[in-house]
Amino acid sequence: MHLLNLGILAHVDAGKTSLTERLLHSAGVIDEIGSVDAGSTTTDTLALERRRGITIKSAVVSFPLDGVTVNLIDTPGHPDFIAEVERVLGVLDGAVLVVSAVEGVQAQTRVLMRTLRRLRIPTLIFVNKIDRRGADGSAVLDQMARRLSVPLVPMGEPAAPGTPAARFVPGLGSAAPDVLADHDDDLLAAYLDGSLADARVRTALAAQSRRALVHPVYFGSAITGAGVPELITGIGHLLPAADGDPAGPLSATVFKVERGPAGEKVAYARIFSGALRVRDRVPFGSGGAEDARADGGVRNAGGLDGPPYRPGGGRAVGRAVRRRAEGRVTGLSVFEAGTDVRRDQAGAGRIVKVWGLDGIRIGDALGRPGTAYRHHFAPPTLETVVVPGPGTGRRSLHLALTQLAEQDPLIGVRHDEQRGETSVSLYGEVQKEVVQATLAEEYGLDVTFRETTTLCIERPAGTGHAVEFNKKDGNPFLATVGLRVEPAPPGAGVEFRLEVELGSMPYAFFKAVEDTVRETLGQGLHGWRIPDCTVTMTHSGYSPRQSHAHQGFDKSMSSTGYDFRGLTPLVLTEALRRAGTLVHEPMHRFRLEAPVDTLGALLPVLARLGAVPETTDALGATGVLRGTVPAARVHELEQRLPGLTRGEGALQTAFDHYAPVTRGTVPRRPRTDHNPLNRKEYLLNVTRRVGD
């Protein structure tokens, strides 16, 4: 059986869920088309989704298409839930990007297309809402060409746009050979000598679409059904089917985890090779996204299955922090004809629901590690403290937030035991409201939030080195640890290296040092995480067990992992002190449209907010500003914009990069650890073996 795992992606309100309903109805899976406004859609199953009219969680539903089983994955369109989209991308064979014929290319549209192109996911574009007043297919096509900067092949054109009678007229235009010839020399030659046949053009279109070289564009309306039959034909003919060897070793990736009625974990996974069977004992684990969350968001440069420590040469680079476990599959479902159906086994290409793997996490590999879970979108840049209301216990709240973080690894849960506070990292205010409603409806917990603050990061300013020797200079730990900290390029992650021989002490001690380094980097000198740096272990030493006559081994005088875990934060923090760190704040790239005659009032306000306009263009009476603005000032800019532009301003922003804080007081974040910046306080909290 041929399979196609298809993602539906869009900016919020472009009509993505409505298109999903229309596709399911056209395939005969549902008898009536659900309405987003009425809360009756097939894929928006959460009560909160139906009430708000937005997709919050990705959902899988299948339908048959000309002998192909399509597993359609509906994803959220709101930027606050971009993490849900991120996790789906790694399991897709193809995608449909929905663009509104009225609003055109929006901020999220550009983010999604850039990511689809980077991952080389074959993508069709459906320009929706051609029946809405103000729809302009030609203008949107021109806008997509300018702002998406991708090769587009219109598969026809809209007729009577902007009216209830709008329809799609299929037919490849004269521009198609031009676009296709850029990737096919033989087609170019035939085009130039006038011998190019229509069949040759369509063959090239299918081949190049499946390789994500070009993107066919359809026009239509999910509400009226215009253009949808042609889109369905394109899905079947222009997107590649799932591949994978069903006889190979098991390799699958978990992209979603939810809790069942009894609180049991249910994992959604894409099988890339091999087969999964009920009652199989399956190894699973990762060194990727989930471990990054556990150590404060520090990414591991080694990836999901990085190179292990290697003896010889006295140096090893980038071993992944792995978490491997094993569980027995107690239940298995596949998706067929609009629902999930229990099966005893499932093979390569399938998307499955799996029961029985209690310790499973998003990003885990089942069986042999295969496609690694990678962050494709920006990290969350906001944080808020969750305040328990009357009758809400802190322990219950922490447990509930931890379970929510299981379902969304980019929701970082941070607990400050000293202050008794729990905070979460988020993408926006809508996501905060959803977390509040979820805690109330699913866990019965009443909470409020403090004011949202911006999440910064720290980067080493230079190189720093520190060392403490076993039993010397007031070191109460039976361990020698030397560490050198060096800057690394943005996005490089944390790399741990050795400049000592691997055999110089037990492997468990090296692992204790590396794990503690990654954990400690979750809080730099100013309290922010350090996501990118190289840490090299320069000195090592330990106290082996010593045998005394008639007494056996003296355990009190031998090193343990506790000694290395206790000493490492002191050494690493001192190395960071000597290197120095710079606090970096998140910066958004903005595009602001406003009447030309209001730009004079806008520019001084942008300057006061720390925004830097980079380009200014005029489109008739409308001015277009592009530049960067600190993420912390975006909300204020949004609030002030209507008054400055007579209500005609339109602002689009998206995370772009981190930049050093150059204005005002450098922001600090309260520490939640034992504070290795204060040696005396740290030692009193960590150990009773405090030296003089």
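The values are calculated or read from the model by the stated rules, or taken from the named source; none is laboratory data. Since this is a predicted model, take the numbers as computed values, not measurements. Cβ: placed from backbone, ideal geometry, glycine included. Neighbour counts: every protein chain shown.
For this structure, a couple of remarks:
- Considering segment 615-626, the residues that are assigned to a strand (DSSP E or B) and exposed (fewer than 11 other Cβ atoms within 10 Å of the Cβ) include one that is modelled with the highest pLDDT, namely THR615.
Conditions tested, residue by residue: (1) at pLDDT below 75; (2) assigned to a helix (DSSP H, G or I); (3) of a type in the set (Ser, Thr, Tyr).
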{"residue": "LEU48", "(1), (2), (3)": "yes, yes, no"}
{"residue": "ILE54", "(1), (2), (3)": "yes, no, no"}
{"residue": "PRO64", "(1), (2), (3)": "no, no, no"}
{"residue": "THR69", "(1), (2), (3)": "no, no, yes"}
{"residue": "PHE81", "(1), (2), (3)": "yes, yes, no"}
{"residue": "VAL88", "(1), (2), (3)": "no, yes, no"}
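- Taking every residue in segment 234-252 that is free of Cβ contacts under 8 Å to residues at least 40 places away in the same chain and pairing it with any residue that is not basic (Lys, Arg) and not in a helix (DSSP H, G or I), at least 6 positions away or on another chain, the pairs with Cβ-Cβ distances below 8 Å are ALA247/GLY274.
- Candidates GLY474, GLY524, GLY482, GLY491 - the one that is assigned to a loop (DSSP other than H, G, I, E, B) and either at pLDDT 95 or above or of a type in the set (D, E, K, R) (or both): GLY524
For (1) out of contact with any strand residue (DSSP E or B) (no Cβ under 8 Å at 6 or more places or on another chain); (2) outside any loop (DSSP other than H, G, I, E, B); (3) at pLDDT 90 or above; (4) crowded, with 22+ Cβ neighbours inside 10 Å, each residue gets a yes or a no:
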| position | (1), (2), (3), (4) |
| --- | --- |
| PRO261 | yes, no, no, no |
| ALA269 | no, yes, yes, yes |
| ARG279 | no, no, yes, no |
| VAL282 | no, yes, yes, no |
| ASP291 | no, yes, no, yes |
| LEU304 | no, no, no, yes |
| PRO307 | no, no, no, no |
| ARG310 | yes, no, no, no |
| GLY313 | yes, no, no, no |
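- The residue of segment 629-654 that is surrounded by the most Cβ atoms within 10 Å (Cβ to Cβ), among those that are over 23 Å from the mean Cα position of the chain (by Cα) and polar (S, T, N, Q), is THR645.
- In summary, ARG281 fulfils each of the numbered conditions (1) farther than 30 Å from GLU406 by Cβ; (2) touching a residue at least 24 places away in the same chain (Cβ under 8 Å); (3) out of contact with any Pro (no Cβ under 9 Å at 6 or more places or on another chain) with the single exception of condition (1).
- Residue satisfying condition, being small (Gly, Ala, Ser), surrounded by 19 or more Cβ atoms within 10 Å (Cβ to Cβ), out of contact with any Ser or Thr (no Cβ under 9 Å at 6 or more places or on another chain) and in the same structural domain as LYS129 (by TED's automatic domain parsing), within set ALA222, ALA197, ALA226, ALA207: ALA226
- Enumeration of residues in segment 402-444 that are on the phi > 0 side of the Ramachandran plot and free of Cβ contacts under 8 Å to residues at least 12 places away in the same chain: GLY444
- Among the residues of segment 456-479, just one is surrounded by fewer than 17 Cβ atoms within 10 Å (Cβ to Cβ), among the small types (Gly, Ala, Ser) and more than 30 Å from PRO667 (Cβ to Cβ), namely GLY474.
- Scope segment 383-409; condition over 12 Å from VAL424 (Cα atoms), more than 21 Å from the chain's Cα centre (by Cα) and either in a strand (DSSP E or B) or of a type in the set (D, E, K, R) (or both); matching residues: PRO388, ARG394, ARG395
- Residue count, segment 434-452 (criterion: part of a helix (DSSP H, G or I) and either over 21 Å from the mean Cα position of the chain (by Cα) or modelled with pLDDT of 80 or more (or both)): 9
- Residue pairs meeting the criteria (Cβ under 7 Å; at least 6 apart or on separate chains; first in contact (Cβ under 8 Å) with a residue 12 or more places away in the chain, in segment 6-29; second outside any helix (DSSP H, G or I) and aromatic (Phe, Trp, Tyr)): LEU19/PHE126; LEU23/PHE63; LEU24/PHE63; ALA27/PHE63; VAL29/PHE63
- Verdict on VAL169 being in the same structural domain as VAL85 (by TED's automatic domain parsing), over 26 Å from the mean Cα position of the chain (by Cα), part of a strand (DSSP E or B) and over 16 Å from SER100 (Cα atoms): yes
- Pick from segment 216-272, criterion of a type in the set (Asp, Glu) and more than 19 Å from PHE335 (Cα to Cα), ranking: nearest to the chain's Cα centre (by Cα): GLU264
- Inter-residue pairs, beta-carbon under 7 Å, first closer than 30 Å to THR536 by Cβ and of a type in the set (A, V, I, L, M) and in segment 315-335, second at pLDDT 70 or above and not in a strand (DSSP E or B), 6+ apart: ALA316/LEU502; VAL321/ASP515; VAL321/ARG518
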